[in-house]
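Working notes for the structure below.
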Amino acid sequence: MTNKDPNSEVNKEKEIKIDDERRAFVKAACGLGASLFLLSIGSLEKFLRFFSKQDLTKEQQEQILSEKIQRLKQTTEEQELQLERLSKDYIKVAELDSLSPIKGIYFIDYLMRPALAFSDDDGMPIVISAKCTHLGCTVGQNADPQGQILCPCHLSKFNIKTGIPIPGSPAKIPLPRLGWSLMDDKGSNLLTQDPSGKQVGTTDMDKLAGSSLYILKKFAEGEA
Amino acid sequence: MSDKKKGLKRLVEFMYDRLPMHKFNFEHIVLEKEVPVHRMSWAYYLGGLTLFFFMVQVVTGIFLLFYYQPTVSDAHASIEYITKYVNNGFFIRNLHTWSSSCMILCLVVHAITTFAMKAFAPPREMIWVGGAAMLILTFAFGFTGYLLPWHQIAVNATKVMLQSIEESGHYLPGFLSGVPHYMRELIQGGSVVGQATLSRFFALHVVILPLIVFGILAMHLLSVQLHGMSQGVDTLPKKTEKFFPFFILKDLIVWGVAFLGIFILAVCVPFESFYAFPLFQAYNALGATPEGIKPEWYFYFTYYPLELLPFWLVMIGMIVTGTVLLLTPWIFKNTSRRMLTIIAWAITAYLVITTLFGNVILELVKGVKS
Amino acid sequence: MRIVFSLLLSTCLFSSMAMAHPEYLQYFKKESGRPINCSMCHMDPEGPEGIKPDQIGGLSKEEKKMLELARKARPGDNITNPILNLFGNEILNTIGHDKLVELEKDPGEIPKLLSKTSDLDHNGIPDYQKLLDGTDPLNPNDGLPWKLFKINFMKNWFQIMMTVLATISGVFGLCYTIIWFSIRTKKEFK
């Protein structure tokens, strides 16, 4: 009969358990160690180099700086436009003679929104908002043979004379008409039209020749 | 007992059942917890996967903060600087972009599968409500983050979506019609999308929303640990596995695979290559708008219906959906899992069709290419 | 004076949508199916007409002289047109100005005449291919996704392989860390 040392059975069980634990620990350590080593070659350097100083060439530095200056200039220009709209009661859009029935002239209205100026068949200005009434994109400036302008976002078409969107357009609301004034070179009002289309002044084209188109702050304040 | 005391007692019992802190011990959470094993067990990994992508977002977002400048004149340039000149800047930025999409995808699938498995049944209602809140907040993350690069598609798409809010004013009576306009200007910080908008979207995206989400997430995770995984199927599962260590081991493997997937995507495929390059040029407030302005893909489920259907119908649909989402545990309390699965499939079909084929449908119906 | 300035400014900021060669834009937009714009070849996304710094009306005296020279460019010249970007100048110097104008009627010939190996952004996709695909020839991160995936995968195969191995060993290590912890806790709680 073999003498069984009860302790040895318990010890063996304990040893196995310790071995399992040890094995797991060693595997864990090896796995994590290998991972850290490989990561340092694979992706860790990507993360760490992110924070290091960028080695820019002289040309790159010049380009970055000149682009920054251009952007600052653009921001300044936009803010100058805003300042002008705050301080002036009227702003020139274009000479009456330079208006075209086909290609609108973009300008910024008093509410800092894009707007367009065309000329009508009789030579009178057509001044409308260029902010599409569907979802706010800027409409194109080129009128087609039917006298319609297109919004590139969702292809709404608007009649430039009435501002009304053509049937089937996503936009349902007409482009608002803006009030304008024709002034001579002395600054005298020759003809004023409010946003509803009511005119005050002379409509004689001979007298209006050589005048300039302006937008007026008083009409924008009403709108705002 | 007075009515007031009865009400208080019911409230205390309700909170006690929903947040059983007495189970917050090592034995319950680590040693005893088991996870049912059945045909829907794969869905149990989705929550963890969403968490993983969220953590990637947080880490890469912090990295990007070192270089990003939240001003209208410098935002786009700082993003270009990160992409062109910062060492591995393109990789970090691309990782952030890809991870955001993956996170939202996992989150939506997680919500749908949780719904189908009726994991919102008592006492897990507050887990569902917290999850629904995080779903909405994640979309808010996407909305605010989309504006930060300040390129054409970012600004124009934001303008379009904010304009949609104001559109709803046309359908409201009397003095209420002005409320959407006020809300829009509150979100914008002014009458147009500009510096004020960028600053507040930056604050929301980087500080406010993360803080709120961390809080809700902590409660959500704590509740899940306390209650354990829901049964998920009608018949009692014959098999279970220990949450610790087996479920966690598998979860880790899933995270490993997800990490590899997103790493390879971030290294090899610029997210912006799926779109036309003019959309990523610097925004010009006074210039013409380029074609192809659309929100991010995860907003297509509202974007295309808005293009195709009457505005009021889509608005009502969204309000109803949002309300049902938050009140799901009570609305569907007595609905069978079979019915919930059918509804989940219908929701999935709607989301897949609008997201993948929305532009095709729009072209067919309206002849408009978007 | 301020009125003149603001008029110039508004015109400058609202440059014309009419391009020198809109036929090219329309053709490649249709071919590629992508809504490209003038910045494929021009310095300004809204084209060469206008008075912004990178447009005809905004050029300095020296730049105007360069523009005049560029309008006489022949194939093989090394001329810089100040209103064109690097790719636009590449086309000009490869095809020549007169031929380019001639090809307004058949823009599809342009990619055939360009160098098959020229890759200005060094991302592995040739410039002529980028023109056909409607992607930016000067942006290495712009291109058809599947093409970029293949090129970048081969370019970064070593780092990807290291990361795959690192992830596998990391997950292996973490799993055994948890197993080790699990064994220990069983012992503690026995």
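Straight-distance candidates among the lysines for linking to B:Lys366, with alpha-carbon spacing under 22 Å and chain neighbours fewer than 8 residues away dropped: A:Lys157, A:Lys172, B:Lys294, C:Lys29, C:Lys30.
The residues packed around C:Leu100, meaning those with a beta-carbon under 14 Å from its beta-carbon, carry a net charge of -2 if Lys and Arg are +1 and Asp and Glu are -1. Taking 41 Å as R0, compute the FRET efficiency from the Cβ-Cβ separation of B:Ile212 and A:Gln79 and round it to 0.05. Step by step, r from the Cβ atoms, then E = 0.75.
Cβ crowding within 10 Å, taken as a proxy for footprinting-reagent exposure, orders C:Phe149, B:Phe120 from fewest neighbours to most as C:Phe149, B:Phe120.
With equal scatterers on the alpha carbons only and no solvent term, can you work out the Debye log10 of I(q)/I(0) for chain A at 0.13 1/Å? These q points yield log10 I(q)/I(0) values of -0.86. Taking 0.36 nm per residue of separation and subtracting the current Cα-Cα distance, fully stretching the chain between A:Ser188 and A:Asp120 would add 22.2 nm.
Could you state the angle between the C-alpha long axis of helix A:6-41 and the longest principal axis of the C-alpha atoms of chain A, as a value from 0 to 90 degrees rounded to the nearest 10? Helix A:6-41 and the main axis of chain A meet at about 30 degrees.
Among the helices of chain B, those built from whole DSSP H runs whose Cα atoms reach 15 Å or more along their own axis and whose mean Kyte-Doolittle hydropathy is at least 0.5 are B:46-65, B:89-116, B:125-147, B:209-227, B:248-268, B:311-331, B:337-366. What residues of the range B:60-94 lie in the reach of a label at B:Ala203, counting those whose backbone N is under 16 Å from a point 7 Å from the Cα along Cα→Cβ? Residues passing the 16 Å test: B:70-72. Other protein chain C-beta atoms within 10 Å of residue C-beta, averaged over A:102-115: 4. Each Lys or Arg adds one and each Asp or Glu subtracts one; over the other residues with Cβ under 12 Å from the Cβ of B:Pro329, this totals +3.
Arranged from fewest to most other beta-carbon atoms within 10 Å of their beta carbon, B:Met229, B:Met219 become B:Met219, B:Met229. Translational D (Stokes-Einstein, µm²/s) of the protein assembly as shown at 4 °C and 1.567 mPa s when Rh comes from the Kirkwood sum over C-alpha pairs? After rounding, the answer is 42 µm²/s.
For the residues A:Gly33, A:Gly210, A:Gly147, a GNM of chain A with alpha-carbon springs under 10 Å puts the largest fluctuation on A:Gly33.
Put a dot 7 Å past the Cα of B:Gln69, heading toward its Cβ, do the same for B:Met183, and the two dots end up 3.6 nm apart. Helix-only estimate, please: 222 nm mean residue ellipticity of chain B, summing -39500 (n - 2.57) across DSSP H runs of length 4 or more and dividing by its residues, to the nearest 500. Computed ellipticity for chain B at 222 nm equals -21000 deg cm²/dmol. For the segment A:85-95, counting C-beta atoms of other chains within 10 Å of every residue's C-beta and taking the mean gives 2.
Tell me the net charge near C:Gln55. Cut-off is 10 Å between Cβ atoms, C:Gln55 excluded, with +1 for each Lys or Arg and -1 for each Asp or Glu. So the surrounding residues net to -3.
With a Förster radius of 25 Å applied to the C-beta separation of B:Phe274 and C:Leu113, the computed FRET efficiency comes to 0.25.
This ranking places C:Trp157, B:Trp128 by how few other beta-carbon atoms lie within 10 Å of each, fewest first, which gives C:Trp157, B:Trp128.
Counting Cβ atoms of other protein chains within 10 Å of each Cβ in C:33-43 and taking the mean gives 4. With the alpha-carbon atoms of the range B:1-121 aligned to their principal axes, the span from lowest to highest coordinate is 69, 42, 30 Å, starting with the largest.
The Rg/Rh ratio for the range C:117-189 is 1.44, where Rg is the radius of gyration of the alpha carbons and Rh is the Kirkwood radius.
Membrane-span-like helices in chain C, defined here as complete DSSP H runs extending at least 24 Å along the helix axis by their C-alpha atoms with mean Kyte-Doolittle hydropathy no lower than 0.5, are C:157-189; this is a sequence and geometry rule, not a statement about a membrane. Modelled this way, with points 7 Å down the Cα-to-C-beta line, the labels at B:Arg39 and A:Met205 are 8.0 nm from one another. Within the same chain, lysines fewer than 8 places from A:Lys218 are excluded, and of the rest, those with a Cα less than 23 Å from its Cα are A:Lys88, A:Lys92, A:Lys131, A:Lys161, A:Lys186, A:Lys198. Over the C-alpha trace of the range B:35-369, radius of gyration and Dmax come out as 21.1, 66 angstrom. Here B:Lys333 is the anchor, and the lysines within straight C-alpha reach of less than 19 Å, apart from those fewer than 8 places off in the same chain, are B:Lys118. Angle of helix A:58-87 to the longest C-alpha principal axis of chain A, folded into 0 to 90 degrees and rounded to 10: 40°.
The radius of gyration of the Cα set in the range B:281-370, together with its Dmax, comes out at 17.0, 56 angstrom. Measuring nothing but how far apart in sequence close Cα pairs (under 8 Å, 6+ apart) lie, relative to its length, chain C scores a relative contact order of 15 percent.
None of the figures in this text is laboratory data; all of them are computed from the coordinates on show. These figures come from a predicted structure and were not determined experimentally. Don't worry about glycine lacking a Cβ; one is built from the backbone with ideal geometry, like all the others, and counts go over all protein chains shown.
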